[in-house]
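Trainee: I'd like to ask you about the structure that follows.
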Ligand SMILES: [Zn+2]
(Lines give C-alpha, C1' and ligand atoms only; values in the text may rest on other atoms or scores of the structure.)
Protein backbone atom coordinates (compact mmCIF):
# COMPACT_ATOMS: atom_id res chain seq x y z
CA UNK A 1 0.00 0.00 0.00
CA UNK A 2 1.13 3.55 -0.69
CA UNK A 3 2.32 5.35 2.40
CA UNK A 4 0.34 8.59 2.55
CA UNK A 5 1.49 12.03 3.66
CA UNK A 6 5.08 11.01 4.02
CA UNK A 7 8.59 11.87 2.96
CA UNK A 8 10.97 9.05 2.04
CA UNK A 9 14.68 9.81 2.00
CA UNK A 10 17.20 7.63 0.21
CA UNK A 11 20.85 7.65 -0.69
CA UNK A 12 23.01 6.15 -3.42
CA UNK A 13 25.56 3.97 -1.64
CA UNK A 14 28.23 4.30 -4.28
CA UNK A 15 27.72 7.92 -5.31
CA UNK A 16 27.40 11.25 -3.56
CA UNK A 17 23.76 11.55 -4.56
CA UNK A 18 20.77 11.71 -2.28
CA UNK A 19 17.10 11.46 -3.08
CA UNK A 20 13.65 12.00 -1.63
CA UNK A 21 10.10 11.17 -2.56
CA UNK A 22 7.17 13.11 -1.17
CA UNK A 23 3.50 12.14 -1.08
CA UNK A 24 0.96 14.70 0.08
CA UNK A 25 -2.54 13.33 0.45
CA UNK A 26 -4.71 14.67 3.31
CA UNK A 27 -2.20 17.53 3.67
CA UNK A 28 -3.06 18.59 0.12
CA UNK A 29 -6.79 17.87 0.31
CA UNK A 30 -7.13 20.14 3.35
CA UNK A 31 -5.66 22.99 1.27
CA UNK A 32 -8.16 22.30 -1.53
CA UNK A 33 -11.10 22.18 0.89
CA UNK A 34 -10.32 25.68 2.10
CA UNK A 35 -10.58 27.38 -1.30
CA UNK A 36 -11.90 26.55 -4.74
CA UNK A 37 -8.78 26.97 -6.89
CA UNK A 38 -9.08 26.94 -10.71
CA UNK A 39 -7.59 23.67 -12.11
CA UNK A 40 -4.47 25.24 -13.67
CA UNK A 41 -3.61 27.04 -10.44
CA UNK A 42 -4.38 23.93 -8.41
CA UNK A 43 -1.74 21.99 -10.34
CA UNK A 44 1.07 24.49 -9.69
CA UNK A 45 0.09 25.05 -6.05
CA UNK A 46 0.20 21.28 -5.43
CA UNK A 47 3.55 21.08 -7.17
CA UNK A 48 4.94 23.96 -5.13
CA UNK A 49 3.73 22.29 -1.95
CA UNK A 50 5.43 19.01 -2.88
CA UNK A 51 8.61 20.87 -3.88
CA UNK A 52 8.69 22.85 -0.63
CA UNK A 53 8.56 19.64 1.39
CA UNK A 54 11.32 18.09 -0.74
CA UNK A 55 13.64 21.09 -0.50
CA UNK A 56 12.99 21.80 3.16
CA UNK A 57 14.11 18.25 3.93
CA UNK A 58 17.47 18.95 2.22
CA UNK A 59 18.11 22.11 4.23
CA UNK A 60 19.15 22.63 7.80
CA UNK A 61 16.90 25.17 9.45
CA UNK A 62 14.71 25.69 12.47
CA UNK A 63 11.27 27.24 12.35
CA UNK A 64 9.73 27.59 8.90
CA UNK A 65 10.73 27.68 5.28
CA UNK A 66 8.39 29.83 3.19
CA UNK A 67 8.37 29.74 -0.59
CA UNK A 68 6.56 32.44 -2.51
CA UNK A 69 6.04 32.94 -6.21
CA UNK A 70 4.97 36.55 -6.76
CA UNK A 71 3.55 37.15 -10.21
CA UNK A 72 2.40 39.95 -12.47
CA UNK A 73 0.00 37.70 -14.41
CA UNK A 74 -3.50 36.56 -13.43
CA UNK A 75 -1.91 34.71 -10.51
CA UNK A 76 -0.43 37.22 -8.08
CA UNK A 77 0.87 34.99 -5.35
CA UNK A 78 1.54 31.40 -4.39
CA UNK A 79 2.71 30.74 -0.83
CA UNK A 80 3.76 27.49 0.77
CA UNK A 81 5.09 27.27 4.29
CA UNK A 82 6.81 24.15 5.54
CA UNK A 83 8.03 23.72 9.10
CA UNK A 84 11.20 21.89 10.02
CA UNK A 85 8.74 19.35 11.46
CA UNK A 86 7.05 18.98 8.01
CA UNK A 87 3.86 20.71 9.10
CA UNK A 88 2.66 22.57 6.01
CA UNK A 89 0.17 25.14 4.75
CA UNK A 90 -0.40 26.77 1.36
CA UNK A 91 -2.54 29.33 -0.44
CA UNK A 92 -2.71 31.42 -3.62
CA UNK A 93 -4.17 34.69 -4.90
CA UNK A 94 -5.50 35.04 -8.41
CA UNK A 95 -7.80 37.24 -10.50
CA UNK A 96 -10.42 36.31 -13.07
CA UNK A 97 -10.81 33.07 -15.03
CA UNK A 98 -7.79 30.91 -15.77
CA UNK A 99 -7.62 28.64 -18.81
CA UNK A 100 -7.19 25.01 -17.84
CA UNK A 101 -3.96 24.39 -19.72
CA UNK A 102 -1.98 27.43 -18.54
CA UNK A 103 1.51 26.63 -17.30
CA UNK A 104 3.34 28.42 -14.53
CA UNK A 105 4.84 31.13 -16.73
CA UNK A 106 1.45 31.91 -18.28
CA UNK A 107 -0.21 32.00 -14.87
CA UNK A 108 2.25 34.28 -13.12
CA UNK A 109 3.92 36.15 -16.01
CA UNK A 110 7.00 38.07 -14.99
CA UNK A 111 7.61 37.37 -11.38
CA UNK A 112 9.88 36.69 -8.48
CA UNK A 113 10.68 33.67 -6.41
CA UNK A 114 11.14 34.43 -2.74
CA UNK A 115 12.58 31.99 -0.26
CA UNK A 116 12.34 32.90 3.41
CA UNK A 117 13.64 31.03 6.40
CA UNK A 118 11.91 32.20 9.55
CA UNK A 119 13.62 30.67 12.60
CA UNK A 120 10.72 32.06 14.76
CA UNK A 121 11.21 32.87 18.44
CA UNK A 122 12.13 36.44 17.47
CA UNK A 123 15.25 35.41 15.58
CA UNK A 124 16.27 37.13 12.35
CA UNK A 125 14.70 35.85 9.13
CA UNK A 126 16.78 35.04 6.08
CA UNK A 127 15.35 35.94 2.70
CA UNK A 128 16.51 35.43 -0.83
CA UNK A 129 14.72 36.92 -3.85
CA UNK A 130 15.40 35.99 -7.47
CA UNK A 131 13.68 36.59 -10.80
CA UNK A 132 11.41 33.76 -11.82
CA UNK A 133 13.27 31.56 -14.28
CA UNK A 134 11.50 28.57 -15.78
CA UNK A 135 8.14 27.49 -17.16
CA UNK A 136 7.37 25.03 -14.38
CA UNK A 137 7.68 24.90 -10.60
CA UNK A 138 10.39 22.24 -10.92
CA UNK A 139 12.46 24.40 -13.31
CA UNK A 140 12.12 27.49 -11.12
CA UNK A 141 13.37 25.61 -8.08
CA UNK A 142 16.15 23.80 -9.93
CA UNK A 143 17.39 27.15 -11.23
CA UNK A 144 17.12 28.69 -7.79
CA UNK A 145 19.14 25.88 -6.20
CA UNK A 146 21.82 26.06 -8.89
CA UNK A 147 22.18 29.86 -8.88
CA UNK A 148 21.62 30.73 -5.25
CA UNK A 149 22.72 27.65 -3.35
CA UNK A 150 25.20 26.22 -5.90
CA UNK A 151 23.71 22.76 -5.47
CA UNK A 152 22.78 20.58 -8.45
CA UNK A 153 19.21 19.51 -7.81
CA UNK A 154 16.66 17.85 -10.09
CA UNK A 155 12.98 17.75 -9.23
CA UNK A 156 10.01 15.99 -10.83
CA UNK A 157 6.53 16.94 -9.62
CA UNK A 158 2.94 15.93 -10.13
CA UNK A 159 -0.36 17.00 -8.62
CA UNK A 160 -4.07 16.33 -9.07
CA UNK A 161 -7.15 16.69 -6.87
CA UNK A 162 -6.22 13.67 -4.77
CA UNK A 163 -2.59 14.27 -4.12
CA UNK A 164 0.67 16.04 -4.81
CA UNK A 165 3.93 14.15 -5.18
CA UNK A 166 7.51 14.63 -6.15
CA UNK A 167 10.94 13.12 -6.60
CA UNK A 168 14.15 15.00 -5.83
CA UNK A 169 17.73 14.09 -6.61
CA UNK A 170 20.56 16.16 -5.29
CA UNK A 171 24.28 15.99 -5.84
CA UNK A 172 25.92 16.22 -2.45
CA UNK A 173 28.30 19.15 -2.10
CA UNK A 174 32.02 18.29 -2.31
CA UNK A 175 31.35 15.10 -4.21
CA UNK A 176 34.41 13.78 -6.08
CA UNK A 177 34.82 14.33 -9.84
CA UNK A 178 34.29 10.62 -10.41
CA UNK A 179 30.72 11.03 -9.18
CA UNK A 180 29.78 13.09 -12.22
CA UNK A 181 28.89 9.92 -14.15
CA UNK A 182 26.89 8.54 -11.26
CA UNK A 183 25.00 11.84 -10.98
CA UNK A 184 24.23 11.91 -14.68
CA UNK A 185 23.05 8.30 -14.57
CA UNK A 186 20.80 8.98 -11.54
CA UNK A 187 19.26 12.02 -13.27
CA UNK A 188 18.78 10.05 -16.48
CA UNK A 189 16.91 7.33 -14.57
CA UNK A 190 14.96 9.86 -12.48
CA UNK A 191 13.77 11.62 -15.63
CA UNK A 192 11.92 8.47 -16.72
CA UNK A 193 9.45 8.76 -13.83
CA UNK A 194 5.87 9.37 -14.92
CA UNK A 195 3.32 11.59 -13.18
CA UNK A 196 0.97 8.67 -12.52
CA UNK A 197 3.81 6.68 -10.96
CA UNK A 198 4.68 9.57 -8.66
CA UNK A 199 1.05 10.01 -7.62
CA UNK A 200 -0.01 6.39 -7.48
CA UNK A 201 2.87 4.20 -6.34
CA UNK A 202 4.46 3.77 -2.92
CA UNK A 203 7.82 5.56 -2.56
CA UNK A 204 9.75 2.30 -2.25
CA UNK A 205 8.17 0.95 -5.40
CA UNK A 206 9.11 4.10 -7.34
CA UNK A 207 12.69 3.88 -6.07
CA UNK A 208 12.86 0.22 -7.03
CA UNK A 209 11.46 0.84 -10.52
CA UNK A 210 13.86 3.69 -11.25
CA UNK A 211 17.04 2.66 -9.51
CA UNK A 212 16.94 -1.13 -9.13
CA UNK A 213 20.38 -1.45 -10.66
CA UNK A 214 21.87 0.95 -8.17
CA UNK A 215 22.77 0.28 -4.58
CA UNK A 216 20.23 2.33 -2.59
CA UNK A 217 19.99 2.91 1.12
CA UNK A 218 16.49 3.74 2.37
CA UNK A 219 15.87 5.75 5.51
CA UNK A 220 12.77 5.74 7.71
CA UNK A 221 10.00 7.82 6.23
CA UNK A 222 8.78 11.00 7.98
CA UNK A 223 5.13 12.01 8.35
CA UNK A 224 3.85 15.24 6.77
CA UNK A 225 0.72 17.06 7.96
CA UNK A 226 -1.31 20.19 7.33
CA UNK A 227 -1.12 22.73 10.10
CA UNK A 228 -1.75 26.44 10.36
CA UNK A 229 0.23 28.70 12.65
CA UNK A 230 -2.41 31.41 12.84
CA UNK A 231 -3.89 32.29 16.22
CA UNK A 232 -5.97 34.99 17.87
CA UNK A 233 -2.78 36.14 19.56
CA UNK A 234 -1.07 36.68 16.18
CA UNK A 235 -4.01 38.66 14.81
CA UNK A 236 -3.95 40.69 18.03
CA UNK A 237 -0.27 41.45 17.50
CA UNK A 238 -0.94 42.55 13.93
CA UNK A 239 -3.72 44.88 15.07
CA UNK A 240 -1.47 46.25 17.81
CA UNK A 241 1.13 47.13 15.18
CA UNK A 242 -1.49 49.04 13.17
CA UNK A 243 -1.86 51.39 16.11
CA UNK A 244 -4.75 52.59 18.23
CA UNK A 245 -6.17 55.13 15.77
CA UNK A 246 -6.15 52.74 12.82
CA UNK A 247 -7.78 49.93 14.80
CA UNK A 248 -10.51 52.30 15.97
CA UNK A 249 -11.13 53.54 12.44
CA UNK A 250 -11.61 49.92 11.38
CA UNK A 251 -14.10 49.49 14.22
CA UNK A 252 -16.03 52.62 13.31
CA UNK A 253 -17.34 51.17 10.07
CA UNK A 254 -19.06 48.03 11.37
CA UNK A 255 -18.52 47.89 15.10
CA UNK A 256 -16.40 44.82 14.56
CA UNK A 257 -13.01 43.97 13.15
CA UNK A 258 -13.07 40.72 11.24
CA UNK A 259 -10.08 38.83 9.92
CA UNK A 260 -9.95 35.52 8.08
CA UNK A 261 -6.81 33.40 7.89
CA UNK A 262 -6.07 32.87 4.21
CA UNK A 263 -4.46 29.50 4.86
CA UNK A 264 -7.07 27.76 7.02
CA UNK A 265 -10.15 30.07 6.83
CA UNK A 266 -10.18 30.52 10.61
CA UNK A 267 -12.41 33.52 11.31
CA UNK A 268 -11.36 36.05 13.95
CA UNK A 269 -13.71 38.73 15.28
CA UNK A 270 -12.86 41.62 17.58
CA UNK A 271 -15.51 43.94 19.01
CA UNK A 272 -14.98 47.36 20.62
CA UNK A 273 -14.15 45.87 24.00
CA UNK A 274 -11.62 43.49 22.43
CA UNK A 275 -10.07 46.40 20.56
CA UNK A 276 -9.62 48.36 23.79
CA UNK A 277 -8.03 45.36 25.39
CA UNK A 278 -5.43 45.03 22.61
CA UNK A 279 -3.94 48.32 23.77
CA UNK A 280 -4.75 48.10 27.46
CA UNK A 281 -2.22 45.32 27.83
CA UNK A 282 0.57 47.05 25.95
CA UNK A 283 0.73 50.74 26.71
CA UNK A 284 4.30 50.92 25.51
CA UNK A 285 3.58 50.27 21.83
CA UNK A 286 0.81 52.86 21.45
CA UNK A 287 2.30 55.63 19.30
CA UNK A 288 2.62 58.80 21.37
CA UNK A 289 0.75 60.86 18.78
CA UNK A 290 -2.46 58.91 19.38
CA UNK A 291 -4.66 60.39 22.04
CA UNK A 292 -6.70 57.97 24.06
CA UNK A 293 -10.12 58.54 25.50
ZN1 LIG B 1 -4.83 29.79 9.81
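The values are calculated or read from the model by the stated rules, or taken from the named source; none is laboratory data. If you're wondering where the values come from, they're calculated on a predicted model, not measured in any experiment. Here the Cβ is made from the backbone with ideal geometry for all residues, glycine too, and neighbour counts use every protein chain on show.
Trainee: Among (1) surrounded by fewer than 17 Cβ atoms within 10 Å (Cβ to Cβ); (2) within 18 Å of the chain's Cα centre (by Cα); (3) assigned to a helix (DSSP H, G or I), where does residue 129 come up short?
Mentor: Checking residue 129 against (1) surrounded by fewer than 17 Cβ atoms within 10 Å (Cβ to Cβ); (2) within 18 Å of the chain's Cα centre (by Cα); (3) assigned to a helix (DSSP H, G or I), the one that fails is (3).
Trainee: Among the residues in the stretch 110-121, are any modelled with pLDDT under 95 and over 18 Å from the mean Cα position of the chain (by Cα)?
Mentor: Yes, the conditions are met somewhere in the stretch 110-121.
Trainee: Shifting gears a bit: Conditions first: (1) crowded, with 24+ Cβ neighbours inside 10 Å; (2) within 26 Å of residue 133 (Cα to Cα). Residue 27 passes all but one, so which condition is the exception?
Mentor: The one condition residue 27 does not meet is (2).
Trainee: Another question, then. Criterion first (surrounded by fewer than 20 Cβ atoms within 10 Å (Cβ to Cβ), out of contact with any helix residue (DSSP H, G or I) (no Cβ under 8 Å at 6 or more places or on another chain), more than 21 Å from residue 47 (Cα to Cα) and without any contact (Cβ under 8 Å) to a residue 40 or more places away in the chain) does residue 180 satisfy it?
Mentor: In short, yes.
Trainee: Then there is this: Are there any pairs with C-beta distances below 7 angstrom linking a residue in the stretch 47-58 that is touching a residue at least 12 places away in the same chain (Cβ under 8 Å) to a residue that is surrounded by fewer than 24 Cβ atoms within 10 Å (Cβ to Cβ) and assigned to a loop (DSSP other than H, G, I, E, B), with the two at least 6 apart or on different chains, and if so which?
Mentor: 53/86
Trainee: Report, by residue number, each residue of the stretch 71-95 that is buried (at least 18 other Cβ atoms within 10 Å of the Cβ), over 10 Å from the mean Cα position of the chain (by Cα) and assigned to a strand (DSSP E or B).
Mentor: Within the stretch 71-95, 71, 75, 92, 94 qualify.
Trainee: Let me ask another. Residue under question is residue 275, and the condition is that it be within 16 Å of the ligand (Cβ to nearest atom) and touching a residue at least 24 places away in the same chain (Cβ under 8 Å); does it hold?
Mentor: Here the answer is no, as residue 275 does not meet what is asked.
Trainee: Do you know which residues across the stretch 190-202 are in a helix (DSSP H, G or I) and without any contact (Cβ under 8 Å) to a residue 24 or more places away in the chain?
Mentor: Matches in the stretch 190-202: 197 only.
Trainee: Quick check: anything in the stretch 220-235 part of a helix (DSSP H, G or I), surrounded by 18 or more Cβ atoms within 10 Å (Cβ to Cβ) and within 16 Å of the ligand (Cβ to nearest atom)?
Mentor: Yes, the stretch 220-235 contains a residue that is part of a helix (DSSP H, G or I), surrounded by 18 or more Cβ atoms within 10 Å (Cβ to Cβ) and within 16 Å of the ligand (Cβ to nearest atom).
Trainee: Right, another one. Between a first residue in the stretch 229-256 that is closer than 12 Å to residue 275 by Cβ and a second residue that is assigned to a loop (DSSP other than H, G, I, E, B), which pairs have beta carbons less than 7 Å apart while being 6 or more apart in sequence or on different chains?
Mentor: 240/282; 243/287; 243/290; 244/286; 244/290; 244/292; 245/290
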